[in-house]
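Below is one structure, written out as structure tokens; the observations come after it.
All of the numbers you see were taken from the coordinates with simple rules; none came from a lab. All values derive from a computational prediction rather than experimental measurement. Using ideal geometry, Cβ is built from the backbone for each residue, glycine included, and neighbour counts are taken over all protein chains shown.
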Amino acid sequence: MRFLVDECLHKGLVKIAQAAGYEAHHVVELGKAGAKDYQLRDLIVKEEFVFVTNNARDFKRLVEKSALHPGLVIIVPNVRPAV
């Protein structure tokens, strides 16, 4: 399973996933900071990433438009990384 963590979430999530044995990347590390949601969706589908975000409204709608996708993880609530 491959995870892509959205830029709205802390980069520490990547290390947590990797420590659990998963491949994980952060949007910023892939040079996609500031990318539009639909651009990320195209990357997610092409590279078969499970996308991790707290942007539920936008990404639920975008994923619904894809016939097939690897998955979507929504982390709520949106809190500061220290929390």
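Just a few scattered comments:
- Remark on the chain: hydrodynamic radius 12.8 angstrom, per the Kirkwood mean of 1/r across alpha carbon pairs.
- At full extension, residue 75 and residue 18 could sit 18.8 nm farther apart than now, given 0.36 nm per residue minus the alpha carbon distance.
- Contour excess over end-to-end distance, with Cα ends at residue 47 and residue 11 and 0.36 nm allotted per residue: 11.0 nm
- Listed values for region 56-61 are Karplus-derived 3J(HN,Hα) couplings in whole Hz (6.51 cos²θ - 1.76 cosθ + 1.60, θ = phi - 60°), namely 4, 4, 5, 7, 4, 5, and x replaces Gly and Pro.
- Net charge, residue 26 excluded, C-beta distance under 13 Å - Lys, Arg +1, Asp, Glu -1: 0
- Built amide H within the under 5 Å cut-off of residue 3, gap 5+: 23, 24, 25, 50
- Modelled FRET efficiency - R0 22 Å, residue 56 with residue 36, Cβ distances, 0.05 increments: 0.80
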